[in-house]
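The values are calculated or read from the model by the stated rules, or taken from the named source; none is laboratory data. Because the structure is predicted, anything quoted here is derived from the model rather than measured. Cβ atoms come from the backbone with ideal geometry, glycine included; neighbour counts cover every protein chain shown. The area values use the complete protein model at the heavy-atom level, side chains included, leaving out ligands, DNA and RNA. Shrake-Rupley method; radii C 1.70, N 1.55, O 1.52, S 1.80 Å.
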2 protein chains.
Amino acid sequence: MSRKNKESEHNLPTLADVATRAGVSTATVSRCLNSPGQVQQGTRDRVMAAVQDLGYSPNFGARALAARRTKTIGAIIPTMENAIFARAIQAFQEELHKSGVTLLVSSSSYRQDVEEDQIRTLVARGADGLLLIGHDRSPAIYQFLANRGVPVLICWAYDPSVARLSIGFDNRRAMAGLAAEVLALGHRNIGIISAEFEGNDRARARVSGVQDAMRAQGLDPTTADLIETPYSIENGANALREMMQNSPRPSAVICGNDVLAVGAVQMARALGLAVPGDVSITGFDDIELARVVDPPLTTVHVPHRDMGRQAARLLVDMVAGHPARDSVLLETNLCLRGTLGPPPGSVADS
Amino acid sequence: MSRKNKESEHNLPTLADVATRAGVSTATVSRCLNSPGQVQQGTRDRVMAAVQDLGYSPNFGARALAARRTKTIGAIIPTMENAIFARAIQAFQEELHKSGVTLLVSSSSYRQDVEEDQIRTLVARGADGLLLIGHDRSPAIYQFLANRGVPVLICWAYDPSVARLSIGFDNRRAMAGLAAEVLALGHRNIGIISAEFEGNDRARARVSGVQDAMRAQGLDPTTADLIETPYSIENGANALREMMQNSPRPSAVICGNDVLAVGAVQMARALGLAVPGDVSITGFDDIELARVVDPPLTTVHVPHRDMGRQAARLLVDMVAGHPARDSVLLETNLCLRGTLGPPPGSVADS
């Protein structure tokens, strides 16, 4: 014990060591680690080389980490509204609680600049690890987290092509499966209401899934109406109204999530359109709303609770220095409910 | 500047000063401030007297506070599920963001022991101030917060009878207003599905409101069927089913919130009962679910966004040392929608 302490005192490089080796001030080293965007590329490269050469790990080196463990984990979700992330985060928290870990959550309003501030705040407040949604963010903020030695688990989007650990599902494949069901019923005029693509890899993947299914049927994906709009019931309603003014109008509207789809169903009914008689509408997520709306939504069931629980166990292991080797892929299921039927005028209908 | 620093160095009492005056160790003083429940009453009284005599303010004295401001505020909500607290917290966060303040949220699963851990964690992680829901918590944790000099704003429950600042609405009066509408239609067999009373002053106040309205009509409030159950759609459904087995069965079921009411509406329909023809059902909150369910819920609209925004401004002022003098009472509105009608067999009906 005392030998270990001595070792860490004597062997761990300091901020001053890095500064000396890089030939800059300690303030510049700090800036490189905390706000790399504010430092010129050349200086930054020199400092980061020194950090690597010396094996410097600011504040939170392996040994220091063990000593400074705060039993606090942070999560940043895009929004607290509409319960899109609520069930998973609640399960994540309950599982962390079993390990005596307290969860602190921030919500970024789907804004990358806000999320970066929140990441820095959670790290500054001593979070042992972070749960983040999706992979889209600047290399600088990933570098910041790596420099600080803060383990990060990505949730909601499985991506085996990147080295960082993730737990999630295949948004593209799941949506392709749902879209294939829609097309199999004979729908050819397809509308897509998606969340905005910027900073949202899940939204982009889901639209790609619809396009995959169209191509598989020999259809041209560019013929689909596509509206991008932030997730809200009202925006889903407005997008549906806009789409229904097109000619030919879509006989099936595939929505990027349940919140948009619920708005679309309500607007269709307000316009006097039967769902699914005049227009089929589908969602994604299977949140509570999906079963409350009438008719209940055809959607993709995401195992939110299971994802939250498993994410908690993975992140606790990562903080303890035992990360899993592989990312975790969860399965989704199609929920075929009342809002999907054949297109109007189809054989089954006439 | 240097004069001020000197002043604070020379004049502010230290932990050691408190220990000397109380005749205990500094460890005991710390324990009194951080875990008062673990210290014998006599010792605690002596230490707290010394704290008061010396004007000691641990870590976060007025001057220290200004210097240590972290631009972080904490909020603890009972749950993230079902979006009950989501809209207010999202507005709270967006308003804090305008002041450059980052919000960290925890959810306590409606458990007081969990909430106490979370309060201590947020304070330990340097939260400048806290938003808490309702007034129910142990005197010890309020004392802990007072000792640490962390400003606390209570939300969701206005209570002018206590000194601590709150922003909210009158849960009891709001529910009494809704219940009066129900009784005015002629309902006499009343069911009440409430959240569990323990640790939830809002739930108790709402049931008291129903009882007030019954008494005002000369009815005996103890004749109402009352089921206490945690907030969830499923629990609301189960409670409705149980109630419908009573004889006489309620012609109107007043639910403690929209989540329970949505479950009750769905179960009524599953049982083949018309809403409101066979049974009227009401909610409280006016969350998104209330308008999505069919028929849409009669409920009490709570100004969640306005409450969140105003709470943010109040708490930022409190942290800056300029707290408002009075608690803030917000108005609620009745939303008379499709789930409330006259009782079966009434004049209007026959």
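So what is the 222 nm mean residue ellipticity for chain B from helices alone, if each DSSP H run of at least 4 adds -39500 (n - 2.57) and you divide by all residues, rounding to the nearest 500 deg cm²/dmol? Don't jump to the answer; show the numbers that get you there.
Values: 14 runs with 159 residues, N = 350.
Mean residue ellipticity, 222 nm, calculated: -14000 deg cm²/dmol.
Protection proxy ranking, highest mean first, for peptides A:101-111, A:254-264, A:281-291: A:254-264, A:281-291, A:101-111, where packing is the per-residue count of other beta-carbon atoms within 10 Å, averaged. Residues of the stretch A:254-296 whose accessible area (probe 1.4 Å, heavy atoms of protein chains only) drops by at least 30 Å² once all protein chains are present, relative to their chain alone: A:266, A:288, A:289, A:292, A:294.
Comparing A:132, A:273, A:330 in a Gaussian network model of chain A, where Cα atoms under 10 Å apart are tied by springs, the biggest mean-square fluctuation is seen for A:273.
First compute the accessible area of the protein assembly as shown with a 1.4 Å probe, then give the percent of it belonging to carbon and sulfur atoms. Mind dumping the intermediate values first?
Working: 13780 of 29210 Å².
About 47 percent, which is the carbon plus sulfur part of the accessible surface.
Over all residues in A:79-89, what is the mean tally of Cβ atoms on other chains that come within 10 Å of each residue's Cβ? Don't jump to the answer; show the numbers that get you there.
On the way: counts 3, 14, 8, 7, 9, 2, 2, 9, 3, 1, 4.
Going residue by residue through A:79-89 and averaging, the value is 6.
Just the number, please: percent antiparallel of the DSSP beta bridges in the protein assembly as shown, rounded to the nearest 5. Don't skip to the answer; put the middle values down first.
Numbers: 7 of 69 bridges.
The antiparallel fraction comes to roughly 10 percent.
Helix B:139-148 against the longest principal axis of chain B: what's the angle in degrees, Cα atoms only, rounded to the nearest 10? That helix lies at roughly 40 degrees to the long axis.
List the relative contact order of chain B as a percent without decimals, with contacts defined as Cα pairs under 8 Å and 6+ residues apart. Before the final figure, lay out each step's value.
Values: 662 pairs, mean separation 58.1, N = 350.
Averaging sequence separation for qualifying contacts and normalising by length gives 17 percent for chain B.
Computed 3J(HN,Hα) for the stretch A:322-336, one whole-Hz value per residue from the Karplus formula 6.51 cos²θ - 1.76 cosθ + 1.60 where θ = phi - 60°, is 10, x, 5, 7, 10, 5, 10, 9, 9, 8, 10, 10, 6, 10, 8, glycine and proline marked x. Placing dummy labels 7 Å off each Cα toward the beta-carbon, the span from residue B:270 to residue A:146 is 5.1 nm.
Amide H contacts for residue A:129 (H built 1.01 Å from N in the peptide plane; partners 5 or more residues away or on another chain; cut-off under 5 Å): A:74.
Between copies, the label points of residue A:143, set 7 Å from Cα on the Cα→Cβ line, lie 5.2 nm apart, reported in increasing order to one decimal in nanometres. Of all DSSP bridge pairs formed entirely within chain B, close to 10 percent run antiparallel. The simple Förster model, with R0 at 30 Å and r as the Cβ-Cβ distance, assigns residue B:196 and residue B:301 a FRET efficiency of 0.80. Since only A:100, A:142, A:195 are under comparison, the one whose Cα sits farthest along the positive direction of the charge dipole of chain A, derived from C-beta charges on Lys, Arg, Asp and Glu, is A:100.
In chain B, the longest principal axis of the Cα atoms and the axis of helix B:304-319 are about 10 degrees apart.
Please give the charge dipole size of the stretch A:171-302, origin at the Cα centre, charges +1 on K and R Cβ atoms and -1 on D and E Cβ atoms. Round to the nearest 20 debye.
Numbers: 11 positive and 16 negative charges, 63 e Å.
For the stretch A:171-302, the charge dipole is close to 300 debye.
In this assembly, the B-A interface accounts for approximately 3300 Å² of buried accessible surface in total, computed with a 1.4 Å probe and without ligands, DNA or RNA. A straight line joining the Cα centroids of the stretch B:72-116 and the stretch A:134-181 runs 25 Å.
Excluding ligands, DNA and RNA, the accessible surface per residue across the stretch B:171-302 is 35 Å² with a 1.4 Å probe. Rounded to the nearest 10 degrees, the inclination of helix B:2-11 to the longest alpha-carbon principal axis of chain B is 80 degrees.
Comparing B:160, B:303, B:139 in a Gaussian network model of chain B where C-alpha atoms under 10 Å apart are linked, the largest mean-square fluctuation is found at B:139.
In debye to the nearest 20, how big a dipole does the protein assembly as shown give about its Cα centre with +1 on each Lys and Arg Cβ and -1 on each Asp and Glu Cβ?
Values: 70 positive and 74 negative charges, 520 e Å.
I would put it at about 2500 debye.
In the stretch B:110-148, the residues that give up 40 Å² or more of accessible area when the other protein chains are added, compared with the chain on its own (1.4 Å probe), are B:121, B:125. Site pair residue B:45 and residue A:41 shows an inter-label distance of 7.2 nm when each label is modelled 7 Å from Cα along Cα→Cβ.
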